[in-house]
1. Under Stokes-Einstein, with the Kirkwood radius over Cα pairs standing in for Rh, what whole-number D in µm²/s applies to region 173-237 at 25 °C and 0.890 mPa s?
2. In debye to the nearest 20, how big a dipole does the chain give about its Cα centre with +1 on each Lys and Arg Cβ and -1 on each Asp and Glu Cβ?
3. In nm, to one decimal, how far is the Asp85 label point from the Ala162 one, both placed 7 Å along Cα→Cβ?
4. If you add up the charges near Pro323, with Lys and Arg at +1 and Asp and Glu at -1, over every other residue whose beta carbon is less than 14 angstrom from its beta carbon, what do you get?
5. Each label point is 7 Å from the Cα along the Cα-to-Cβ direction; what then is the distance between the points at Leu26 and Asp193, in nm?
6. Roughly what % antiparallel, to the nearest 5, for the DSSP beta bridges in region 49-283?
7. With N set to the residue count of region 285-379, report its C-alpha Rg divided by 2.2 N^0.38 Å to two decimal places.
8. Let me see the P(r) profile for region 140-289: every Cα-Cα distance counted, bins of 5 Å, each bin given as a percent of all pairs.
Amino acid sequence: MAGSVGVDRLAFYRQDMDQLAARGRLRGLAERAGIDFSSNDYIGLAGSARLGDAVRNAVREGVPVGAAGSRLLRGHTRWQAEFEDHAARFFGADAALGFGGGYVANFALFSTLPQRGDLLLMDELSHASTHEGARSGRAEVQKFRHGDVSHAEQVIKMWRRAGHTGAVWIAVESLYSMDGDVAPLDDLVGLADQHGFLVIDEAHATGVFGPDGRGLSHRLEGRENVLTLHTMGKALGGSGALICGARPLLDFMVNRCRPFIFATAPSPLMAVAGRTALDILRDEPWRRDELQGHVALFGAEMAQRLPQMQISGSQIAPLIVGPDAPTMELAARIRKRGFDIRGVRPPTVPDGTARLRVSLTLNATRQDILRLAETLEELWPDL
Ligand SMILES: Cc1ncc(COP(=O)(O)O)c(C=O)c1O
């Protein structure tokens, strides 16, 4: 046992790492290097002068670095409150509630809102944070096949047939983080209208799609049975997240959600950054246009050079290799050519679908994209 006297306390952990290494699944931290084809900084805001200036000015004007307490105590600052009000208006929602990040926000939502007697029905490719929230929550949990609304409907029918009368919480991502495809939101909201709620994780769509970059759920925002998650750590260039939805649901979270109540509030500087990022989305539509140009260019190059690859059509362009080892090897060879490309293996993605997750951002130029496509054609393995 790890805690017993005279026993190597670290043995379990070393062995586990050894086993991962033997299966080719050991992860390690590699500092960023090379041209950005792996970040989620899609429209290049993380290092932008305007975001940096806003935070610098805020510090100069006395905005504190830390919130210094939980939201229910002294941590509820005017900057956070203003940001949430502004964001609710921007996205067209009834209200918004901030969290330190998207992971904790998803965890908080799914572990708090669905109640005993409800069904939490998740797309099978939902993010790990949704799975963790589901595990900690009170509702029964089931999955439906990725993007398959008829399967979701079938699962609900079976559940109702068994006599359940609770609400159904359907959980999807608007743009899937590892596949770059979109959820059939219009059909899903129809199901939610009949049975309960739709929760849309907009992590990879906020700032990229929709009018003013409001995301793919912009038409659904403001309905009482739709909740959205807008993260600030991806296209918005900072960190943190907002849950947008009907005020009674958010009031319930303020009162019942342990990850909200028992945590230090997000930094007021991130509220300033978030507010500025929303202004940039409105003022600088060229960023979204340029990104769409990158997506089209990469798609056209790949269609010519590796026509066997299915290209997603969004800024997340996974190139599925299949087995783990050749994927990681290929990613390493491409990195040696100066492109920051990461391989993604199971368990993050299903077995047999290890991939290069090519992410297109404004941190790369059109020339960089052309050179990457050339390099991919040259190094793509014959499996
Ligand atoms: C779909 C999705 N939801 C939530 C998160 C978590 O967001 P954050 O990075 O802000 O914690 C991620 C990040 O990887 C994500 O891809």
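A short reminder: the numbers here are calculations on the coordinates, not readings from a lab. All values derive from a computational prediction rather than experimental measurement. Note that each Cβ is placed from the backbone with ideal geometry, even for glycine, and that neighbours are counted across all protein chains shown.
1. D = 206 µm²/s.
2. The calculated dipole for the chain is roughly 960 debye.
3. Going by the 7 Å Cα→Cβ label model, 4.6 nm.
4. 0
5. For the pair Leu26/Asp193, the computed spacing is 5.5 nm.
6. Of the beta bridges lying entirely in region 49-283, close to 35 percent run antiparallel.
7. Rounded to two decimals, the normalised Rg is 1.05.
8. 2, 9, 16, 19, 19, 16, 11, 6, 2, 1, 0
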